[in-house]
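**Q** Here it is, the structure in full.
The values are calculated or read from the model by the stated rules, or taken from the named source; none is laboratory data. Model, not experiment: these values are computed from the prediction. Note that we place each Cβ from the backbone using ideal geometry, even for glycine, and neighbour counts take in every protein chain shown. We work out accessible area using only protein heavy atoms, side chains counted, and drop any ligands, DNA or RNA first. Shrake-Rupley method; radii C 1.70, N 1.55, O 1.52, S 1.80 Å.
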Amino acid sequence: MSLFDSLLNTVWQIARKEEDFLTTFARLTTDVKRVEKILSLAELKDFRVTDCFSGKYETRAEDLMLLGDRLDLETAEKLQQALALYSSAIKLSPSESPSLARSYMGRAHALYRAGYADLAIEDARRALGPQLPQQDTIKLLCLIANCHQVSGKWNLAEDVLQQALETLTNSDIENDIKAALTGNIASQLKQVVQNKQQEKSKKKSKKGGAANAKGSRVGDADKPELTYGKNADIPAASSALKLCYSPDKGRYMEATRTIKLGSVLIVEQPYAWGLSGEAMTGHCLHCCRLARTPVPCAHCSTILSRSKSGLKRLLDPDDLKKAVKQLLFLQEIKS
């Protein structure tokens, strides 16, 4: 039995002995109060929670980033390896450090090669800042323009390339390098303008057409729908079930029809949830979904989110105490 299961077993034993325990617990209105109630029990006075804080490690982050830089991104396997290395480097890099910006830059290039243009733009935007050399900043702007081109967003691509030219003009880059970069950007800008004009011509010649696809990648799956519709008496259950009772079995569900393999019979919002230790390395702590491009906490290398907005909600000062106490309760407690 794990220590967490042992804790849960202890709580249930107390609940069975003390008649008002569950009633009192049910009246508590916040998770913080519920956790405080559990941890204040006399039977749990010897439980201790070890500090699992894992901080930043820039030297290790740079090593991982360089391993990603050395990979040949010609195969899907190498692309996945590069994404994993850059994500690990991002997790360990201190906030606003050069290694963080360069790791985001490397992951943006890998995402673009893998066909995730929108995600590549997000990482490229995260990488832009004073930590990057001017030449890398210009290359990132060109990468963002490439991503917009892939999506057929010619106006956005043109705007970003104009920004790249302006940045290049005002930079301190050596003249020979500046001239080469200017030629590359001008050539790309010319192609974007031509594509934009061709698209306008096509639109004029077509009176209508099918709606554009929203993206080349499928998003996260929605909550599954109940097979055979909702149960009139139990909204979380399928209509293929009915609630029964007998003195010998107590309450139980019984099928009202032949049920096909793979049918969804019960769908219910969980009362509480948390990530396992294994899942925390690649899933968002805010929504528990897979994070293809995780954004780490600015202060530690443990907490990840799918976006900065999700991380902000997760680490809001008003909710930080609640989040920490939820982690203490939901994760395995060590003595």
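**Q** Can you find a residue in the stretch 235-245 that is loosely packed, with under 10 Cβ neighbours inside 10 Å, assigned to a helix (DSSP H, G or I) and modelled with pLDDT under 95?
**A** Here is the first cut: in the stretch 235-245, the residues loosely packed, with under 10 Cβ neighbours inside 10 Å are 245.
Going one step further and asking which of them are assigned to a helix (DSSP H, G or I), we end up with none.
No, the stretch 235-245 contains no residue that is loosely packed, with under 10 Cβ neighbours inside 10 Å, assigned to a helix (DSSP H, G or I) and modelled with pLDDT under 95.
**Q** In this structure, is residue 185 in contact with a Pro (Cβ under 7 Å, 6 or more places away or on another chain), part of a helix (DSSP H, G or I) and either of a type in the set (Ser, Thr, Tyr) or in contact (Cβ under 8 Å) with a residue 24 or more places away in the chain (or both)?
**A** Taking the combined requirement at face value, the residue does not satisfy it.
**Q** Look at residue 33 and say whether it is open to solvent by 70 Å² or more (accessible area, probe 1.4 Å) and either of a type outside the set (Phe, Trp, Tyr) or in contact with a Cys (Cβ under 9 Å, 6 or more places away or on another chain) (or both).
**A** When the stated conditions are applied, residue 33 passes them.
**Q** I've got another one for you. Can you tell me which residue is farthest from residue 147 (Cα to Cα) among those in the stretch 189-213 that are open to solvent by 100 Å² or more (accessible area, probe 1.4 Å) and modelled with pLDDT under 70?
**A** The qualifying residue farthest from residue 147 (Cα to Cα) is 207.
**Q** Please go through the stretch 81-94 and give me each residue that is small (Gly, Ala, Ser), under 21 Å from residue 299 (Cα atoms) and part of a helix (DSSP H, G or I), ordered by number.
**A** 84, 87, 88, 89
**Q** Next up: Do the conditions hold for residue 60, that is, is it over 20 Å from residue 293 (Cα atoms) and either over 24 Å from the mean Cα position of the chain (by Cα) or open to solvent by 60 Å² or more (accessible area, probe 1.4 Å) (or both)?
**A** no
**Q** Just to be sure before I move on: is residue 269 at pLDDT below 80 and either assigned to a loop (DSSP other than H, G, I, E, B) or open to solvent by less than 50 Å² (accessible area, probe 1.4 Å) (or both) in the structure I sent? Please lay out each step first, then the result.
**A** Working: at pLDDT below 80: yes; either assigned to a loop (DSSP other than H, G, I, E, B) or open to solvent by less than 50 Å² (accessible area, probe 1.4 Å) (or both): yes.
Considered against the rule, which asks whether it is at pLDDT below 80 and either assigned to a loop (DSSP other than H, G, I, E, B) or open to solvent by less than 50 Å² (accessible area, probe 1.4 Å) (or both), residue 269 comes out as yes.
**Q** If you don't mind, another one. Given the residues 293, 302, which is the only one that is assigned to a loop (DSSP other than H, G, I, E, B), in contact with a helix residue (DSSP H, G or I) (Cβ under 9 Å, 6 or more places away or on another chain), at pLDDT 85 or above and surrounded by 15 or more Cβ atoms within 10 Å (Cβ to Cβ)?
**A** Values: 302 fails: at pLDDT 85 or above.
Answer to the selection: 293.
**Q** Continuing with this model, one more query. Can you tell me which of (1) within 31 Å of the chain's Cα centre (by Cα); (2) farther than 30 Å from residue 96 by Cα; (3) at pLDDT 85 or above is the one residue 25 doesn't meet?
**A** Unmet condition: (1).
**Q** Within the stretch 95-141, work out how many residues are in a helix (DSSP H, G or I) and open to solvent by less than 40 Å² (accessible area, probe 1.4 Å).
**A** So the answer is 23.
**Q** Something else about it: Tally time: how many residues in the stretch 233-254 are of a type outside the set (Phe, Trp, Tyr) and over 40 Å from the mean Cα position of the chain (by Cα)?
**A** 6
**Q** Please give the number of the condition residue 261 fails out of (1) modelled with pLDDT of 90 or more; (2) within 37 Å of the chain's Cα centre (by Cα); (3) surrounded by 10 or more Cβ atoms within 10 Å (Cβ to Cβ).
**A** Failed condition: (3).
**Q** Given the structure, is residue 182 surrounded by 14 or more Cβ atoms within 10 Å (Cβ to Cβ), of a type outside the set (D, E, K, R), modelled with pLDDT of 85 or more and more than 28 Å from the chain's Cα centre (by Cα)?
**A** Details: surrounded by 14 or more Cβ atoms within 10 Å (Cβ to Cβ): yes; of a type outside the set (D, E, K, R): yes; modelled with pLDDT of 85 or more: yes; more than 28 Å from the chain's Cα centre (by Cα): yes.
It is true that residue 182 is surrounded by 14 or more Cβ atoms within 10 Å (Cβ to Cβ), of a type outside the set (D, E, K, R), modelled with pLDDT of 85 or more and more than 28 Å from the chain's Cα centre (by Cα).
**Q** Same structure again: Go through the residues of the stretch 214-226 one by one and say whether even a single one is over 30 Å from residue 292 (Cα atoms), modelled with pLDDT of 90 or more and either hydrophobic (A, V, I, L, M, F, W, C) or open to solvent by 100 Å² or more (accessible area, probe 1.4 Å) (or both).
**A** Taking every residue of the stretch 214-226 in turn, none turns out to be over 30 Å from residue 292 (Cα atoms), modelled with pLDDT of 90 or more and either hydrophobic (A, V, I, L, M, F, W, C) or open to solvent by 100 Å² or more (accessible area, probe 1.4 Å) (or both).
**Q** Regarding the stretch 307-328, can at least one residue be identified that is among the small types (Gly, Ala, Ser), at pLDDT 80 or above, closer than 24 Å to residue 97 by Cα and touching a Leu at 6+ places or on another chain (Cβ under 9 Å)? Steps first, answer last, please.
**A** To start, the set of residues in the stretch 307-328 that are among the small types (Gly, Ala, Ser) comprises 307, 309-310, 323.
Now restrict to residues that are at pLDDT 80 or above: none.
Within the stretch 307-328, not a single residue is among the small types (Gly, Ala, Ser), at pLDDT 80 or above, closer than 24 Å to residue 97 by Cα and touching a Leu at 6+ places or on another chain (Cβ under 9 Å).
**Q** Could I ask something else about it? Quick check on residue 41: is it closer than 30 Å to residue 18 by Cβ and touching a residue at least 12 places away in the same chain (Cβ under 8 Å)?
**A** Values: closer than 30 Å to residue 18 by Cβ: yes; touching a residue at least 12 places away in the same chain (Cβ under 8 Å): yes.
Against the criterion (closer than 30 Å to residue 18 by Cβ and touching a residue at least 12 places away in the same chain (Cβ under 8 Å)), residue 41 qualifies.
**Q** Restricting to the stretch 74-89, give me the number of residues that are open to solvent by less than 30 Å² (accessible area, probe 1.4 Å) and in contact with an Asp or Glu (Cβ under 7 Å, 6 or more places away or on another chain).
**A** Within the stretch 74-89, residues that are open to solvent by less than 30 Å² (accessible area, probe 1.4 Å) and in contact with an Asp or Glu (Cβ under 7 Å, 6 or more places away or on another chain) number 0.
**Q** Now for a separate question. Give the residue, chosen from 71, 67, 92, that is open to solvent by 50 Å² or more (accessible area, probe 1.4 Å), under 32 Å from the mean Cα position of the chain (by Cα) and aliphatic (A, V, I, L, M).
**A** From the options 71, 67, 92, the qualifying one is 67.
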